[in-house]
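Participant: A single structure is presented below for examination.
The values are calculated or read from the model by the stated rules, or taken from the named source; none is laboratory data. Because the structure is a prediction, the values reported are computed rather than measured. Cβ sites come from the backbone with ideal geometry, for glycine too, and all protein chains shown count toward neighbours. Side chains are part of the model used for accessible areas, which takes the heavy atoms of the whole protein and leaves out ligands, DNA and RNA. Shrake-Rupley method; radii C 1.70, N 1.55, O 1.52, S 1.80 Å.
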Amino acid sequence: MSAHTQYETLATNWHDQGRPASSLIEGYDLIAVRCWAYSDGAKAEGVSDNLRAFIRACEAALRDDWLDAYLSDRESCRDCGESYRFENVSLCTNCSRKLCYKCVGAVPRAPNGNPACQCGGEFVG
């Protein structure tokens, strides 16, 4: 399932169920959907109002500094092993694999233009 389909389905289900707080996401899952919504792939495929509202609701449910806590962590590139701050790596929308800017530049592209992961996900961030 493409990231577009996965995220739009998640947001539609949340909306159709009355927007319950129990359906909100956080952590790397929220970072992935948030980054995807601003990616070239999202620009090509479109982002619904439901998905935008879902992202805003997820962010509103967290502490104001939630993202800073993640971005300052150090992560290692899954391919080359070099260590970077999380804000400088790309994250797969499906398997959460992390690649540095050099390694993500060498992977093939998904049909929507985002870098494609071997698992079928897309690298964002």
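Participant: Give me the percent of the accessible area of the chain that comes from carbon and sulfur atoms, probe 1.4 Å, all protein chains in place. Provide the component values of the computation, followed by the final result.
Facilitator: Working: 3130 of 6830 Å².
Of the solvent-accessible surface of the chain, carbon and sulfur hold 46 percent.
Participant: I want the local charge near residue 85. Using Cβ-Cβ distances under 14 Å, sum +1 for each Lys or Arg and -1 for each Asp or Glu among the other residues.
Facilitator: Every neighbour counted, the sum reads -3.
Participant: Give me the 1.4 Å probe accessible area per residue for the chain, excluding ligands and nucleic acids, in Å².
Facilitator: Ligands and nucleic acids excluded, the result is 55 Å² per residue.
Participant: A further question on this structure: Calculated from DSSP H runs of 4 or more alone, at -39500 (n - 2.57) each and per residue, what is the 222 nm mean residue ellipticity of the chain, nearest 500?
Facilitator: About -12000 deg cm²/dmol.
Participant: With all protein chains present and a 1.4 Å probe, how do 122, 59, 75, 82 order by accessible area, largest first?
Facilitator: 82, 59, 75, 122
Participant: Also, quick follow-up: Answer rounded, prolate or oblate for region 50-116, using the Cα gyration tensor with square roots of eigenvalues a ≥ b ≥ c: rounded when a/c is under 1.5, else prolate when a/b is larger than b/c, else oblate.
Facilitator: oblate
Participant: Another question, if that's okay. Put +1 on the Cβ of each Lys and Arg and -1 on the Cβ of each Asp and Glu in the chain; which of 118, 86, 70 then has its Cα farthest toward the positive end of the dipole?
Facilitator: Positive-most Cα among the choices belongs to 118.
Participant: While we're here: In what sequence, largest accessible area first, do 15, 4 appear using a 1.4 Å probe?
Facilitator: 15, 4
Participant: Sequence-distant or interchain residues sharing an amide H contact under 5 Å with residue 82, placed H: which?
Facilitator: 77
Participant: Work out from phi, with θ = phi - 60° and the Karplus expression 6.51 cos²θ - 1.76 cosθ + 1.60, the ³J(HN,Hα) of each residue of region 77-91, listed in order in whole Hz, and give x for Gly and Pro.
Facilitator: Residue by residue, region 77-91 yields 5, 5, 8, 9, x, 5, 9, 9, 5, 4, 5, 10, 10, 9, 10 Hz.
Participant: Please compute the contact order of the chain in relative form: average sequence separation of alpha-carbon pairs under 8 Å and at least six residues apart, divided by the residue count, as a percent.
Facilitator: So the answer I get is 26 percent.
Participant: Run the dipole for region 1-118 about the Cα centre, Lys and Arg Cβ at +1, Asp and Glu Cβ at -1, nothing else charged, and hand back the magnitude in debye, nearest 20.
Facilitator: About 260 debye.
Participant: Just to confirm my numbers, what's the Cα centroid distance between region 81-113 and region 1-61 in Å?
Facilitator: One Cα centre to the other: 20 Å.
Participant: While we're here: Could you sort 23, 90 by accessible area so the largest value comes first, with the probe set to 1.4 Å? Intermediate results must be reported in sequence, preceding the final value.
Facilitator: On the way: 23 35, 90 15 Å².
Highest to lowest solvent-accessible surface, that is 23, 90.
Participant: I need the trypsin sites (Lys or Arg not before Pro) found in region 11-77, filtered to DSSP loop residues with at most 12 other beta carbons within 10 Å of theirs.
Facilitator: Working: sites: 34, 43, 52, 56, 63, 74; in loops: 63.
Loop-located and lightly packed - 63.
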